[in-house]
Structures are given as C-alpha cells and as structure tokens.
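Scroll down for the structure; my scribbles are underneath it.
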C-alpha cells in the first residue's frame, strides 16, 4: 500500500518569501514613483535632486553592500539579515512620512537601500536555490510575481492616500502595512531544507543536480574564479544596462503619465492596477517559460513585449484611446520581470546549476545592476529637467533593451561552450 506523501515544507518557505517580496520590495519600491510629483511640488525641488535623494542614495548603499553581501552572509547567516531588513524598511518609511527636506529623504533612502541589499532578493534567491531543484523556475516566478501583486495592492492605495490624506500619511500607512505582512512571514522561513530534516525538492529525480547543491566549498566556482571569465563580465554588462537604461522605463512610466496630465482617476485606478498586473503576469510567466522553453525564449518573450510598450509610449498622448494606454502599461509592467527573475537563471545557465558560490556571485552581479541605476535615475531626471518630457529617456531605454537582447543570446552560447569544455577535462 502506498504511503501518503507529506506536504513539502519548501512550499511554505516559497509562500513566505513571496509575502516578504510583496511587502518589503513591492509595497515599498513600486509605490515610490507615486511620490515624485507631490514631493517635488511640496519641497520645491527639481526632479533630478529629488530622484537623487529618493532613489539614487538608496541605490548607492544597496550597490556597495551588494558587493560584500557574500562575505557578510557567510558570517551572520541569511535570516538575521532578513530580520534587519524588515526593521530598516519600516524605519525608512516612518522617516519618509516626517521628511521635510531632501536630507531626511536621503536618510530614509539609505536605510531602505540597506534593507534591500541584506534582506531581500539575494536572500530569496539563495534560499529557493537550496530548497528547489525541480520547478525552480516556477517557484522563483511565483516569488517574483508577488512584486507585481504587491504593486496591484499598494499602487491604487498609495494614489488614493496621497490624494485624500497627503503624502506624509501615505508613507506612514505603507510602513504599517509592510510590517504587518513581513514580520509574521519571516517567522516561518527556514534557510536550508536540512533544518526540517529534508532534501531539496526534486532531489530524488535528479541525483546529479542534487549532489551539486551540497558540493563542498572548495569545488564551487567562486566569485574570484568567475571574474576571470568573459561570460561573467558579459552578464555584468547585461545587468548594468538593465539598471542604467532598461529599468528606467519601469520607474518613469507613472511620472510620465502624470507629466502629460492623464486623467488622475484613470491613472490611480485602471492604469496603476493594470501596470502592476503586467508585472505580475511577467514574473509568473517567466518561471513557466524558463522551465518549458529555456532562457533564450524567456528573454525574447520579455524583450518583445517591453519593446511594444516602449514604442507605444513614444506616440501616445493624454487624448489617446484608453485601450492603447492599457496595452502600453501592461507591456512595460511585464518587462519589469527582466530585472527580477532572470539573473538567477542567467547564472545557472551560463555557469551550470549548483556549480557556483551562488550568493556571492548573485549579489555582486545584482549590485552591478544597482550601479547602473545609480547613474540611470538621476540621468533620467536630468533629461526630464532639460526637455520637459520622459520621451527621450524611453527612447534610450528601447535602444539599451535591444543591446541587452543581443548580449544575452551571445553569453548563453559562450556559457554552453565553456561548460562543455570544463566537463571534458
């Protein structure tokens, strides 16, 4: 008689990581673009100066810490850093709610950047890598999907809170909501399956891959080993371009809609929800597409839809048909999965599943993307200040996206050749 299979605890871990991403990442980061216009008007500062305090300062901190995350987590473990991340995120939003200067916004941004670097995606990806071999793409897609879902929840809320209660109150409400979701979720996260007496999901069906999950440290490709290869620096270039240029389309779409005076009700209601829905669909579909068709098709599908959105935004105006704007924001939202769900797969595809010191390599390359954002965000704000429009910024994002698509296809080929050579030795 068959014994009933027990529920695998890894699914609880994945669900809790999803809730953490939904609260800390989505409810925090996704809603910040709604504050650009009211903060700029209230503090009487330029968009470039505001972008530096609200976005760039945090990105600088996140980037610098990302380069050393591997060393830090080796000493402290992942979970204490995740607790710290929650505390710093809530603190950042409380500071935002009381900020009356760019300096205080910068302090909050620095705290939020620290939370991002130490307690979010580098941790989620490393944990999922330990818990799942089979269906890893789907699980990562579900975790990243929560970013879009969080946007669907917080975007209309933040828009209405700002309109009816003011930006100060909106920051305060967001802080309380993040804490209420993230704190209980982290209580159930276990970093390693061994903590529950388990092995990685799918280990029995893929013993070779399972063996690599527990490879001794001396047999792994270290960060310094990876940095000696061309494929590593090609991935680094991809990540930089995503942060500097491609990701700016996602950050700028809401301010752009405000700048061209789209109907506020249509913006905070329909468009903001569908924008977040596009991100949700992109992150969910990315896991499915990766598991079924591989990394090449994944990048082509994301890039094609984002191209559609970027082309549309060049021609649409406030008087354009609502259906055209809906298609535009869904496509750009879908394209945000390029920056969330692809780096894990790039590393595993180009260097081999389980063959790397994953936390160190992932955090370093993720920091490169953030470094691109450090330059891209104020550059985008500067372009707006001198042209009065985000159109040129969107055009540059489209050009960078095409370059990224070419680089990705090339580095996959290089990676497969390098792995075949390594395995033949």
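Before moving on, here are some points about what is shown:
- Some residue of the range 109-128 being within 20 Å of the chain's Cα centre (by Cα), over 22 Å from residue 58 (Cβ atoms), buried (at least 24 other Cβ atoms within 10 Å of the Cβ) and at pLDDT 85 or above: yes
- Selection over the range 273-329 of residues that are assigned to a loop (DSSP other than H, G, I, E, B) and under 22 Å from residue 398 (Cβ atoms) gives a count of 5.
- Residues that are in a helix (DSSP H, G or I) and either under 14 Å from residue 171 (Cβ atoms) or touching a strand residue (DSSP E or B) at 6+ places or on another chain (Cβ under 7 Å) (or both) within the range 93-110 comprise 93, 94, 95, 96, 97, 98, 104, 105, 107, 108, 109, listed in sequence order.
- Of all residues making up the range 294-315, the number that are over 22 Å from the mean Cα position of the chain (by Cα) and surrounded by fewer than 17 Cβ atoms within 10 Å (Cβ to Cβ): 3
- Taking the numbered list (1) without any contact (Cβ under 8 Å) to a residue 60 or more places away in the chain; (2) part of a helix (DSSP H, G or I); (3) surrounded by fewer than 22 Cβ atoms within 10 Å (Cβ to Cβ); (4) touching a helix residue (DSSP H, G or I) at 6+ places or on another chain (Cβ under 7 Å) in turn, residue 80 passes all entries but (4).
- Being in contact with a helix residue (DSSP H, G or I) (Cβ under 8 Å, 6 or more places away or on another chain) and surrounded by fewer than 19 Cβ atoms within 10 Å (Cβ to Cβ) is true of residue 101.
- The lone criterion from (1) surrounded by fewer than 21 Cβ atoms within 10 Å (Cβ to Cβ); (2) modelled with pLDDT of 85 or more; (3) more than 18 Å from residue 360 (Cα to Cα) left unmet by residue 258 is number (2).
- Within the range 269-278, not a single residue is over 25 Å from residue 354 (Cα atoms), exposed (fewer than 15 other Cβ atoms within 10 Å of the Cβ) and modelled with pLDDT under 75.
- Residue check, residue 88 modelled with pLDDT of 90 or more, over 30 Å from residue 354 (Cβ atoms), over 21 Å from the mean Cα position of the chain (by Cα) and assigned to a helix (DSSP H, G or I): no
- Within the range 239-260, tally of residues that are assigned to a helix (DSSP H, G or I) and farther than 25 Å from residue 347 by Cα: 9
- Criterion: part of a helix (DSSP H, G or I), modelled with pLDDT under 90 and under 30 Å from residue 77 (Cα atoms) - qualifying residue of 362, 384: 362
- Some residue of the range 42-51 being crowded, with 24+ Cβ neighbours inside 10 Å and not in a helix (DSSP H, G or I): no
- Residues that are under 13 Å from residue 119 (Cα atoms), touching a helix residue (DSSP H, G or I) at 6+ places or on another chain (Cβ under 7 Å) and modelled with pLDDT of 85 or more occur at least once in the range 24-34.
- Residue count for the range 207-246, restricted to those that are loosely packed, with under 14 Cβ neighbours inside 10 Å and either within 22 Å of the chain's Cα centre (by Cα) or at pLDDT 85 or above (or both): 4.
- Any chance residue 74 is outside any helix (DSSP H, G or I), surrounded by fewer than 16 Cβ atoms within 10 Å (Cβ to Cβ) and at negative phi: no
The values are calculated or read from the model by the stated rules, or taken from the named source; none is laboratory data. Being a predicted model, the structure only gives us computed values, none of them experimental. Note that we place each Cβ from the backbone using ideal geometry, even for glycine, and neighbour counts take in every protein chain shown.
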